[in-house]
Amino acid sequence: MSKMRGGEKRRIQESCRFQTPDRLWAEMKPSTFGEEAKKKKKCDVTVGRQIHSRNKPRHRLKSRRYLFKKKTPVYKCYNKCLLSSQTAVMDLGPFERDNSLSCRLSSQIPEVCRTEDCCLGIDEAGRGPVLGPMVYGICFCPLSKKMELKDLKVADSKTLTEAERENLFHKLDEAKSYVGWALRILSPNTISTSMLQRTKYNLNALSHDTAIGLVQFALDSGVQLKEVFVDTVGPADKYEEKLSKLFPGIEVTVRPKADSLFPIVSAASICAKVARDRVVKGWNFAEDLGEVDSDYGSGYPNDPKTKAWLLKYLDPVFGYPQFVRFSWSTAQTLMDSKAVTVHWDDDEEDGEKAAQRQKNKSMLSYFSASAGGNNQNPTHQTHRFFTERRLKSLDAL
């Protein structure tokens, strides 16, 4: 392969600058194209010029994408450019304002979905991770548009890269004249408090109720549902029977791996996964943690990076930030081994005396107005755990 001339290199760099936002230009080094051409002979300089030329239409960008190795600066820059240029609108503001609570988001309801019989798919994203929310999604379209939806080539979100999911969500957004969606974002706080409440409410029950609520939302919004396809949670036959009884007149199909069998479920899977990815990336930590390390791995309990992150941000007294599902066994195990032991007055008899025998303070002593004695330390600062939750001390219960 011939050596690239200086003038040709500058022209390629200028065309890259034209296609690439200024904030991404720093990703590209002046010698990127020349070095990459030497490493991989098939990655010819002219290919780079075709990809980034201002005279080529945008769709050529996509078709040439895999000519670069995924770890090269060229690919990374292009990948980010693709994401930034095709990020479809999804207003996460209602959830981001208070991510300790759950939130429902939805697109506009296409008028055709109010007049024609429709199918609806249900799937979730983020069921297993110990970090971040779980997002349930529905997607719906008229039965007459099933082939158009299939032509968008939607697929199970777990088999796609982030860029591919964003690209497909962009296509779904462009098809908003006949495709609608809705999401329920279940915060980590909601998941954990539900699972640990006095009356048992496990993750399967929470998932079922969330899916049922989204189907009801679609019906209440005027969508003419005739078919519902669901990725199963628990035994498929029992779940299908439950949904069929709740929604008579609608044909319900519940299958394992439904996101790989039915395009409408794949579309719901993509909507849910895109929302979760965006929420996790832009998570607003209510706790005062300083500059938070974002390298927490996959978020799954068996990931060493995730475990290291959990350990790093475990407060020995107040536990985890609300980004963590503290009901997960991984989080509980770390807390049991690394956090301070606390005696709760109602766990055993004798309350205060039992705490003293164990050389521990009673938990209620932290809430009393004269903790540790008759206000011996009036300058004592209340811990942020209490101020963030607007908790105040009381003289009496």
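The values are calculated or read from the model by the stated rules, or taken from the named source; none is laboratory data. All figures in this text were calculated on a predicted structure; none of them were measured in a lab. Cβ coordinates were reconstructed from backbone atoms using ideal geometry, including for glycine residues, and neighbour counts include every protein chain displayed. Heavy atoms of the whole protein, side chains included, go into the accessibility calculation; ligands, DNA and RNA do not. Shrake-Rupley method; radii C 1.70, N 1.55, O 1.52, S 1.80 Å.
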Looking only at the stretch 284-298, count every residue that is more than 16 Å from N189 (Cβ to Cβ) and either touching a Ser or Thr at 6+ places or on another chain (Cβ under 8 Å) or acidic (D, E) (or both) and tell me the total. 7
Within the stretch 298-313, how many residues turn out to be touching a Leu at 6+ places or on another chain (Cβ under 7 Å), within 21 Å of A125 (Cα to Cα) and open to solvent by 60 Å² or more (accessible area, probe 1.4 Å)? 0
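Can you tell me how many residues in the stretch 295-316 are out of contact with any Lys or Arg (no Cβ under 8 Å at 6 or more places or on another chain) and either touching a residue at least 60 places away in the same chain (Cβ under 8 Å) or under 24 Å from F385 (Cα atoms) (or both)? Spell out how you get there, then give the answer.
Quick first cut of the stretch 295-316, residues out of contact with any Lys or Arg (no Cβ under 8 Å at 6 or more places or on another chain) only: 299-300, 302-310, 312-313, 315.
Subsequent filtering for residues that are either touching a residue at least 60 places away in the same chain (Cβ under 8 Å) or under 24 Å from F385 (Cα atoms) (or both) retains 299-300, 306-310, 312-313, 315.
Residues meeting the conditions: 10.
Yes/no per residue for (1) without any contact (Cβ under 8 Å) to a residue 24 or more places away in the chain; (2) in contact with a helix residue (DSSP H, G or I) (Cβ under 8 Å, 6 or more places away or on another chain):
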position	(1), (2)
N189	no, no
T210	no, no
V215	no, yes
L225	no, yes
T232	no, yes
E241	yes, no
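Which members of the stretch 140-149 meet the condition of being part of a helix (DSSP H, G or I) and not charged (D, E, K, R)?
At the first step, the residues of the stretch 140-149 found to be part of a helix (DSSP H, G or I) are 143-149.
Result: L143, S144, M147, L149.
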Only listed residue being in contact with a Pro (Cβ under 9 Å, 6 or more places away or on another chain), more than 29 Å from H170 (Cβ to Cβ) and hydrophobic (A, V, I, L, M, F, W, C), chosen from A275, A236: A236
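Of T190, T210, which residue is under 17 Å from A125 (Cβ atoms), modelled with pLDDT of 95 or more and of a type in the set (S, T, N, Q)?
Working: T190 fails: modelled with pLDDT of 95 or more.
The conditions single out T210.
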Among the residues of the stretch 247-268, write down those that are outside any helix (DSSP H, G or I), in contact (Cβ under 8 Å) with a residue 60 or more places away in the chain and open to solvent by 60 Å² or more (accessible area, probe 1.4 Å). K257
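Inspect the stretch 215-228 for any residue being under 20 Å from D156 (Cα atoms) and either over 20 Å from the mean Cα position of the chain (by Cα) or part of a strand (DSSP E or B) (or both) and give the result as yes or no.
Our first condition is that a residue be under 20 Å from D156 (Cα atoms); within the stretch 215-228, this holds for 227-228.
Applying the additional criterion that residues be either over 20 Å from the mean Cα position of the chain (by Cα) or part of a strand (DSSP E or B) (or both) yields 227-228.
Looking for residues that are under 20 Å from D156 (Cα atoms) and either over 20 Å from the mean Cα position of the chain (by Cα) or part of a strand (DSSP E or B) (or both), one finds at least one in the stretch 215-228, hence yes.
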Pull up the stretch 150-159, narrow it to residues that are in contact with a Ser or Thr (Cβ under 9 Å, 6 or more places away or on another chain) and assigned to a helix (DSSP H, G or I), then point me to the one that is least open to solvent (accessible area, probe 1.4 Å). S157
Among (1) under 20 Å from the mean Cα position of the chain (by Cα); (2) surrounded by fewer than 21 Cβ atoms within 10 Å (Cβ to Cβ), the one test that S244 misses: (1)
Qualifying positions in the stretch 269-297 - in contact with a Leu (Cβ under 8 Å, 6 or more places away or on another chain), in a helix (DSSP H, G or I) and either open to solvent by less than 20 Å² (accessible area, probe 1.4 Å) or farther than 16 Å from E164 by Cβ (or both): I270, C271, A272, A275, V279, V280
What number of residues within the stretch 185-212 satisfy the criterion of being open to solvent by 60 Å² or more (accessible area, probe 1.4 Å) and in a helix (DSSP H, G or I)? 3
When every residue in the stretch 112-139 that is β-branched (V, I, T) and assigned to a strand (DSSP E or B) is compared, the one surrounded by the most Cβ atoms within 10 Å (Cβ to Cβ) is I122
K257 fails exactly one of (1) more than 13 Å from D156 (Cβ to Cβ); (2) modelled with pLDDT under 95; (3) basic (K, R), namely (1)
